[in-house]
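The values are calculated or read from the model by the stated rules, or taken from the named source; none is laboratory data. As the structure is a computational prediction, the values presented were derived from the model and not from experiment. Cβ sites come from the backbone with ideal geometry, for glycine too, and all protein chains shown count toward neighbours. Only protein heavy atoms, including side chains, enter the accessible area calculation; ligands, DNA and RNA are left aside. Shrake-Rupley method; radii C 1.70, N 1.55, O 1.52, S 1.80 Å.
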Amino acid sequence: KNQVEQSPQSLIILEGKNCTLQCNYTVSPFSNLRWYKQDTGRGPVSLTIMTFSENTKSNGRYTATLDADTKQSSLHITASQLSDSASYICVVRKAKTGGYNKLIFGAGTRLAVHP
Amino acid sequence: DGGITQSPKYLFRKEGQNVTLSCEQNLNHDAMYWYRQDPGQGLRLIYYSQIVNDFQKGDIAEGYSVSREKKESFPLTVTSAQKNPTAFYLCASSTFYRGVTDTQYFGPGTRLTVL
């Protein structure tokens, strides 16, 4: 079954600290993996995209990793800021087998950064 | 949120009524999508359209209908047949070229509450 599991479900950290969010998937065949940031009451915004051959990709203070062998990804946030408070969603795209390239969404990790 | 607008931001409906959610994009994207987001769950695809005058059912199409008369617009109607319509609805769009879809850009969402 094609699934994307994220952990932890929620996380509270102090401003300035680092944190790592996890994503495990069973989606096959695999095309790519994205991390989205979703502020409360808003639409998700793409942070990074990683394909099968990429291990690490950074976007400012956000660094995503991908281990395609173990089907795991992580999102590391460095020197957190209050504006990082949001839900972070892991999304895996199935390789196209005809028609639409299906996206499988994780339930998200809700991050709260406290001063 | 890119060039995608959704209206209204909040919508209240009485049981038994149909309501239509608006989604407009000025990104010149061929493909558009409707998702539903419920607490603790990943986004679920309701309908998608890759070209004008054509659309396909997603994973949870029952109780919903769509139209795609213009490239820029993809309205979603939540009918009285939808058993549990209270949710956050997200519209997205992407390029679609030679059978390949790219990054999906999301609108700000509409929160529908059935009274």
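Residue selection: B:T86 fails the criterion of being open to solvent by 20 Å² or more (accessible area, probe 1.4 Å), under 11 Å from the mean Cα position of the chain (by Cα) and either over 19 Å from A:V92 (Cα atoms) or among the polar types (S, T, N, Q) (or both).
Of all residues in segment A:1-55, exactly one satisfies the criterion of being among the charged types (D, E, K, R), closer than 19 Å to A:V113 by Cα, surrounded by 15 or more Cβ atoms within 10 Å (Cβ to Cβ) and touching a residue at least 12 places away in the same chain (Cβ under 8 Å), namely A:K37. Within segment A:18-39, is there a residue that is of a type in the set (D, E) and within 15 Å of the chain's Cα centre (by Cα)? Within segment A:18-39, one or more residues are of a type in the set (D, E) and within 15 Å of the chain's Cα centre (by Cα). In this structure, is A:S85 among the hydroxyl-bearing types (S, T, Y), out of contact with any helix residue (DSSP H, G or I) (no Cβ under 6 Å at 6 or more places or on another chain), more than 21 Å from B:I60 (Cβ to Cβ) and open to solvent by 60 Å² or more (accessible area, probe 1.4 Å)? Taking the combined requirement at face value, the residue does not satisfy it.
In segment B:40-81, what count of residues is obtained for those that are under 12 Å from the mean Cα position of the chain (by Cα) and charged (D, E, K, R)? Total meeting the criteria: 3. The residues in segment B:25-67 that are open to solvent by 40 Å² or more (accessible area, probe 1.4 Å) and on the phi > 0 side of the Ramachandran plot can be counted, and the count is 3. The residue of segment B:1-24 that is farthest from the other protein chains (Cβ to nearest Cβ), among those that are open to solvent by 30 Å² or more (accessible area, probe 1.4 Å) and small (G, A, S), is B:G16.
The residue that is modelled with the highest pLDDT, among those in segment B:93-111 that are surrounded by fewer than 21 Cβ atoms within 10 Å (Cβ to Cβ) and more than 10 Å from chain A (Cβ to nearest Cβ), is B:T95. Checking the stated criteria, B:K71 turns out to be away from chain A (no Cβ under 11 Å), of a type outside the set (A, V, I, L, M, F, W, C) and either over 20 Å from A:I104 (Cβ atoms) or open to solvent by less than 20 Å² (accessible area, probe 1.4 Å) (or both). When A:Q22, A:Q3 are checked against the criterion of being within 17 Å of B:Q37 (Cα to Cα) and of a type outside the set (G, A, S), a single residue qualifies: A:Q3. Within segment A:57-77, the residues that satisfy the criterion of being out of contact with any Ser or Thr (no Cβ under 7 Å at 6 or more places or on another chain) and open to solvent by 10 Å² or more (accessible area, probe 1.4 Å) are A:S58, A:G60, A:D67, A:A68, A:D69, A:T70, A:Q72.
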